Amino acid sequence: MSSLTVLVLAAGQGKRMKSAVPKVLHGLLGRPLLGWVLESALELKPGRIVLVTGPDGDPIEKVARELVGDRCELLRAVQNPPRGTGDAVRAGMDAVPTEDGVVLVLYGDMPLVRASSLDGLLQAQSAAGVGSMGLMTAELADPTGYGRIQRGDEGQVIGIVEERDCNDEQRLGYETNPGLYAFDAPALRKILPQLSSDNSQGEYYLTDAVEFFVKAGGRVVDLILEDAEEAAGVNSLEQLGEVRWALQARILEQHLANGVRIEDPSTTMIDCEVEIGQDTVIQPFSVLRKGVKIGAGCEVGPFAHMRTGAVLEDGAVLGNFCEIKNSTIGPGSKVKHLSYLGDVTLGSKVNVGAGTIFANYDGKVKHPSTVGDGAFVGSGTLIVAPNAVPEGATTAAGAVLTKGAKMGPGEVWAGVPARRLGGSAKTAEDSSSGSQVPQSEEG
Ligand code: UD1
Ligand code: CA
């Protein structure tokens, strides 16, 4: 087992968010803020992750356990009351069962950090040897709100000063602390009791550990973040919006690199963990939520809303103003305009006319429906679930297919509620022409 422990700090109150939702649980492209940090940590294959929360942190722990699953041991430490990042690490270290090894400290509010950067920091610390610490630094065009790195005459790091505690000269510095540290565990344990709360916020700052490492003669190796964007910490909803843009750009770039034609990336929203095949076109103002799967050569949008569990098989089309949830559109099938598909399985080469609604919810339970290969669903059809439109069957425009209607393959049904028309295998044009459509109220 790896001797690496990752401490993730998430006990802060997040007051600057002005929200009743814990800061690290705010959603970001299909994952809570904390989830992005945990995913980067997991890529390092650590021996364990220790999550530090405040006394009200049960919901945070629950979400973290769901995210991590059985991929890594997850321990929880409670910091009660939260008295600063140094105090949070002290609480976290109390939960670490081993004395030696390396401890990587991450703040739960920095979703842009990449595993490759963390790995670089660990390697730098490991090269510096026993007793050392690794410190990541970042050069930010706008360092507002970040701790400033202090260097001595020979350019060596000698400490970090929080912005609130900076003098005028220190505040001018743009080399900042992103909040990423790799510590030799025994050395960290020795230093933690020395931290004091003698500062403008009356908190125990983890950042003060740097100065103590220097004084104790431990080596402090520093490494600059190549992509300064990764330093972003989220303290407000405005900053949450900014990191969302950055993560969205990464996701879109990945799909474009894979051969997905995203016509206008600036108006396309794609969550994490969405699969899209080559030569699929995503048109503007489409929203694709986490877990959506789209095959090759499909067309989506404009203005399509694909929710969790939506699957388009190769060559399928989901056009404008359609919403799809927990449903599959089979190969070559088309749902082109203004439709809602919930809990539906469409076979291949199905045509779903404009304004078709699959009414899947009876107020208590959601029910499934199926549409067989080659079926033709006329415009404005209302299909009350559970229901099945069999292979090759047709519904006329405006048909209301009541719950459990027993349509046979190739049959044509029309009216309100829909009934079978005489003969079989009518074309849609015939059946929607008017005269044969029963208008009666009774079934
Ligand atoms: C911190 C750093 C600052 C750095 C910035 C980077 C300190 C003292 N300051 O400031 O140098 O530039 O991050 O974004 O470390 N937390 C706890 N317990 C606490 C307080 C905080 O677990 O008692 C957690 C928070 O939940 C958060 C993280 O630690 O995830 C950082 O705390 P935050 O208050 O956001 O620190 P910053 O003011 O951003
Ligand atoms: Ca922060």
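The values are calculated or read from the model by the stated rules, or taken from the named source; none is laboratory data. Only a predicted model underlies this, so the values are computations on that prediction, with no experimental measurement involved. Virtual Cβ from ideal backbone geometry, glycine too; neighbours counted across all protein chains shown. We work out accessible area using only protein heavy atoms, side chains counted, and drop any ligands, DNA or RNA first. Shrake-Rupley method; radii C 1.70, N 1.55, O 1.52, S 1.80 Å.
Here is how the numbers come out for the structure above:
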{"read-out": "Scope the stretch 57-83; condition open to solvent by 80 Å² or more (accessible area, probe 1.4 Å) and closer than 17 Å to G14 by Cα; matching residues", "value": "D58, N80, R83"}
{"read-out": "Residues (more than 16 Å from ligand 2 (Cβ to nearest atom) and open to solvent by less than 50 Å² (accessible area, probe 1.4 Å)) located in the stretch 97-109", "value": "T98, G101, V102, V103, L104"}
{"read-out": "Unique match (being β-branched (V, I, T) and touching a residue at least 24 places away in the same chain (Cβ under 8 Å)) among T144, T137", "value": "T137"}
{"read-out": "Within the stretch 249-264, tally of residues that are over 18 Å from the mean Cα position of the chain (by Cα) and either surrounded by fewer than 14 Cβ atoms within 10 Å (Cβ to Cβ) or more than 17 Å from R289 (Cβ to Cβ) (or both)", "value": "7"}
{"read-out": "Some residue of the stretch 399-410 being surrounded by 23 or more Cβ atoms within 10 Å (Cβ to Cβ) and closer than 20 Å to G342 by Cα", "value": "yes"}
{"read-out": "Residue match in the stretch 62-78 (condition: touching a Cys at 6+ places or on another chain (Cβ under 9 Å), closer than 21 Å to C272 by Cα and part of a helix (DSSP H, G or I))", "value": "no"}
{"read-out": "Subset of the stretch 152-185 (residues that are exposed (fewer than 15 other Cβ atoms within 10 Å of the Cβ) and either among the hydrophobic types (A, V, I, L, M, F, W, C) or within 20 Å of A128 (Cα to Cα) (or both))", "value": "G152, E154, G155, Q156, L172"}
{"read-out": "Considering residues of the stretch 188-218 that are away from ligand 1 (no atom under 14 Å from the Cβ) and touching a Phe, Trp or Tyr at 6+ places or on another chain (Cβ under 8 Å) only, the residue most open to solvent (accessible area, probe 1.4 Å)", "value": "Q194"}
{"read-out": "Qualifying residue in the stretch 160-176 (condition: more than 17 Å from L7 (Cβ to Cβ), in contact (Cβ under 8 Å) with a residue 60 or more places away in the chain and assigned by TED's automatic domain parsing to the domain that holds D109)", "value": "no"}
{"read-out": "Candidates R71, R16 - the one that is over 15 Å from the mean Cα position of the chain (by Cα), charged (D, E, K, R) and within 13 Å of ligand 1 (Cβ to nearest atom)", "value": "R16"}
{"read-out": "Residue within the stretch 110-130 that is open to solvent by less than 40 Å² (accessible area, probe 1.4 Å), more than 13 Å from ligand 1 (Cβ to nearest atom) and more than 32 Å from the chain's Cα centre (by Cα) present", "value": "yes"}
{"read-out": "Hits in the stretch 276-328 - residues which are surrounded by fewer than 21 Cβ atoms within 10 Å (Cβ to Cβ), of a type in the set (V, I, T) and under 19 Å from E253 (Cβ atoms)", "value": "V281, V287"}
{"read-out": "Output for the stretch 223-242, where each listed residue is more than 14 Å from ligand 1 (Cβ to nearest atom) and in the same structural domain as L33 (by TED's automatic domain parsing)", "value": "L223, I224, E226, D227"}
